[in-house]
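A short write-up of the structure that comes next.
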Amino acid sequence: MLRHLSIFRITALILLFSAAVVAQVPSPKSVLGFQPTEERTIADWTQITDYFDKLGRASDRVEIREFGKTTLGKRMVAAFISSPDNIRNIEKIRQNNAKLADPRRNSGEEEVQRLIREGKTVVAISCSIHSNEIVASQMSMNLAYELATANDPETAEILANTVLLLIPSANPDGIDMVADWYRKTLGTKSEGTVPPELYHHYAGHDNNRDWFMLNLAETRAITQLFWQQWFPQIVFDVHQMGQNGPRFVIPPFHDPAYPRISPIIVREVGLLGLKMAADLQANGIKGVATNTTFDMWWHGGFRTAPYYHNSIGILSEAASANLMTPVTITRETLGQTRPARGLNSPLEPAINHPEPWTGGKWGPKDIAEIEMISSRTILLQAAKFRERYLRNFYNLGRENIQPRDDIPSAYVVLAGQPIPHTVARFLEILTWQGIEVHEMTHELWVKHSKEEEFHEIPLGSFLIFTDQPQRNNILSLFEPQTYPRRIGANGEPDTPYDVAGWTLWMQMGIDAQEIWDIQDQKKFQNTIKSVNDINRARSVLNLPPASGPFPKIANPLKTKPRIGLYKPFTSSMDEGWTRFVFDTFQIPFKSVMPADVRGGKLDLDVLVLPSDSENNILRGLSADRYPDEFAGGIGDEGVANIKRFVENGGRLVCFDRSCGLVIKSFGLPIKNVLDGVERRQFYNPGSILKIEVDKENPMSRGVPEETAAYFTNSSAFEVEDEQRVEIVAQYALRNALLSGWMLGERMINGKTAMAVAKAGRGEIVLFAFRPQHRGQTWATFPLVFNSLELK
């Protein structure tokens, strides 16, 4: 009896101690004053980080780490959540996981078995990279609190077997923009609208298109956290989408998958997605769809980059509310939704969508519930199958370092290229994401194909061997993409989720070549020097050392034009990327707002119109939803003022879609041959094309006769009066496609890609494509710079 009483007392003391610990851990509501994800409430970044800081101080299951700064200088933080014992040994866990990521660091199978036996599945969950998809950032506080306080067996299993890197938002600047706007507009006609500015300083929605280019401070910080330090086995990227489709879209994804993604990754992505779907179904959640809309082709997204680092990337997309304001969606509205890839209607039951949601009220609590269940599913799977995830992760790296005779053994970036800073940036991009680069310290004899003879390549070139743990990343960045021709029964092309081609050295205008054989390769590898740290990579090229952020580059302009960049309130990503290029190259400019154009405030030498539709430029945001200060575009009076500006000697530079309005308004003898063309006749969703440049034209200075340009549903001009319009560049007469997919190429072969038209005493420069696309197309940056120079 006394023995039983003693056990009872001990158990009671443990329970009391646990309750006391939980009582000391602050809940989100106790810190914020409201429960996150409640309707019409929102926490900004200061509030979110304040809560996580307090949680980290109070809980021995949580450690908060700052891992970088945003574009605007805010803290980027991750909550490391695991058992108290794991948190105490967090650095050892990280080191062991890094050894699994690189099999070359292990002494043999015995050590590998120990690392797997002792290791933890590292899971990264990132919220609200698109800050208008706001709910996940609020949900993250609830998830962290639950893991920090719950004592049920499932939570204990998760904490014992996993380390969670919880990123409350990958875009803190945008969280504040959205929170500030939402609070200002509560109770007004603008409640629930997106802010009248880009919700990332440069990129807006395109901040999730930067994961191989690493232009943005946030992308680089997370890349360093993931692929230089922690090497997570699973990355979960939490998103929202439009309101009128399914309630939740998760893997398995739609075809196609890029062939360099390991089949086991494809399978594991699908397996996790189906388990999420099953758990959501068991919890009574309707409208969950798989195998629709999103594919596994493109490289540059948050959840696709992990595939090339031997990790599992999961994307979820929940139907949105109006920010934190609920909406009511009728059955009739759902019935009018356009079919998506793999799903005819959100009202139609299907194998991949067995129980549709048929309408009703939809709000942030609904979204958060789905995201919480999905996060728990991933964490529990990671815990239960810890050894399998770690073994598969290790095996993928080991396979990648094995020799293969069906791929190049290396790529070479040749010495002596004309623009050293472009080569330097290219090497920075590679090394930042963990790719090993080697500088040649003596001449080398190689074969660029299996059939040719050995020949010499010069000292000072850089080698990227493919027998590295992230071999598939190297191949996907260096090889041309060939998107599978996918034509539906109606003759329409099946559209990829994002772009079809992205070959990095082509976009950047760099000479990179395959190497299939190296003479006396073992001897050579002992005489090369690693340049994996970025400072060394740059000093090899006699450029100033870089530390931390990618350095700014000297202004390439020889004159000092007064440049204005049109900045609409419609949140133009193309404007943001143009601003990014100008800032990177330290080109002075000022933003020109719609009211400036309407009022004729164009005291400039050059006005740049980024790629935007005629409707957005002319009409802008609707006064029905936005205050007068943000509503409207340039209007007819703005068009008249731009015409006067050019006719009086100004220069107008237009990118892609903005050309249509200008051609019409100025009556230029130019026709876009793709206007009105159906997709079954011509289609190019995002590919690298060859253009041929007139080297006699001053606008082509510094550009080779043939170069790569990026075409993404862009234009092709036919010039009807060459006395009035000079052709600077044209799409190649044949074999224009370099990487990606293009249907109906003959329609643009030989058509104008860049032209200069005279108008009064001024001129208009028209780019049929986007020469600064996503800040990636360094090959065509010189054409932009030339278009800005004063004569």
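The values are calculated or read from the model by the stated rules, or taken from the named source; none is laboratory data. Only a predicted model underlies this, so the values are computations on that prediction, with no experimental measurement involved. Virtual Cβ from ideal backbone geometry, glycine too; neighbours counted across all protein chains shown. Heads up: the accessible areas ignore ligands, DNA and RNA and are worked out on the full protein's heavy atoms, side chains in. Shrake-Rupley method; radii C 1.70, N 1.55, O 1.52, S 1.80 Å.
Taken over segment 430-465, the criterion of being within 20 Å of Ser739 (Cα to Cα) and crowded, with 21+ Cβ neighbours inside 10 Å is satisfied by Leu430 alone. Would you be able to say whether some residue in segment 162-172 is outside any strand (DSSP E or B), over 23 Å from the mean Cα position of the chain (by Cα) and crowded, with 22+ Cβ neighbours inside 10 Å? No, segment 162-172 contains no residue that is outside any strand (DSSP E or B), over 23 Å from the mean Cα position of the chain (by Cα) and crowded, with 22+ Cβ neighbours inside 10 Å. Might you check whether a residue that is surrounded by 24 or more Cβ atoms within 10 Å (Cβ to Cβ) and more than 22 Å from the chain's Cα centre (by Cα) occurs anywhere in segment 180-198? Checked segment 180-198: at least one residue is surrounded by 24 or more Cβ atoms within 10 Å (Cβ to Cβ) and more than 22 Å from the chain's Cα centre (by Cα). Applying the set (1) more than 27 Å from the chain's Cα centre (by Cα); (2) not in a loop (DSSP other than H, G, I, E, B) to Gln381 leaves exactly one unmet item: (1). Per this entry, Asn208 is counted among residues that are open to solvent by 10 Å² or more (accessible area, probe 1.4 Å), within 24 Å of Trp298 (Cβ to Cβ), at pLDDT 95 or above and within 24 Å of the chain's Cα centre (by Cα).
For segment 582-589, the condition holds for no residue, the condition being that it is within 21 Å of Gly760 (Cα to Cα) and out of contact with any Gly (no Cβ under 7 Å at 6 or more places or on another chain). The condition of being touching a residue at least 60 places away in the same chain (Cβ under 8 Å), in contact with a Cys (Cβ under 6 Å, 6 or more places away or on another chain), of a type outside the set (D, E, K, R) and part of a helix (DSSP H, G or I) does not hold for Ala179. Please tell me if Leu272 is over 21 Å from Arg391 (Cβ atoms), open to solvent by less than 10 Å² (accessible area, probe 1.4 Å) and modelled with pLDDT of 95 or more. In short, no. If you filter segment 466-496 down to residues that are at pLDDT 90 or above and exposed (fewer than 15 other Cβ atoms within 10 Å of the Cβ), you find that the one that is farthest from the chain's Cα centre (by Cα) is Pro484. The residues listed here are Arg88, Arg104; of these, the one that is under 23 Å from His309 (Cβ atoms), more than 28 Å from the chain's Cα centre (by Cα) and surrounded by fewer than 14 Cβ atoms within 10 Å (Cβ to Cβ) is Arg104. Scan Pro561, Pro568 and give me the residue that is under 30 Å from Thr185 (Cα atoms) and either open to solvent by less than 20 Å² (accessible area, probe 1.4 Å) or more than 29 Å from the chain's Cα centre (by Cα) (or both). Within the list Pro561, Pro568, the selection yields Pro568. Within segment 107-143, the residues that satisfy the criterion of being of a type in the set (S, T, N, Q), farther than 22 Å from Thr377 by Cα and open to solvent by 10 Å² or more (accessible area, probe 1.4 Å) are Ser107, Gln113, Asn132. Within segment 727-737, the residues that satisfy the criterion of being within 15 Å of Val693 (Cα to Cα) and touching a helix residue (DSSP H, G or I) at 6+ places or on another chain (Cβ under 8 Å) are Val728, Ala729, Ala736. Tell me yes or no: at least one residue of segment 265-272 is over 24 Å from the mean Cα position of the chain (by Cα) and under 27 Å from Gln138 (Cα atoms). Scanning segment 265-272, I find no residue that is over 24 Å from the mean Cα position of the chain (by Cα) and under 27 Å from Gln138 (Cα atoms), so the answer is no. Checking each residue in segment 94-123 for being in contact with a strand residue (DSSP E or B) (Cβ under 7 Å, 6 or more places away or on another chain) and more than 17 Å from Glu157 (Cα to Cα) picks out only Asn97.
Tallying residues that are in contact (Cβ under 8 Å) with a residue 40 or more places away in the chain and not in a helix (DSSP H, G or I) within segment 330-349 yields 7. Only residues that are crowded, with 17+ Cβ neighbours inside 10 Å and not hydroxyl-bearing (Ser, Thr, Tyr) were counted in segment 22-39, giving 6. Consider segment 405-419 and keep the residues that are within 17 Å of Val446 (Cα to Cα) and open to solvent by 80 Å² or more (accessible area, probe 1.4 Å). The one that is nearest to the chain's Cα centre (by Cα) is Asp406. Among the residues of segment 778-787, not a single one is hydrophobic (A, V, I, L, M, F, W, C), modelled with pLDDT of 95 or more and farther than 21 Å from Phe582 by Cβ.
On the given criteria, is Ile285 in contact (Cβ under 8 Å) with a residue 24 or more places away in the chain and assigned to a strand (DSSP E or B)? No, not satisfied.
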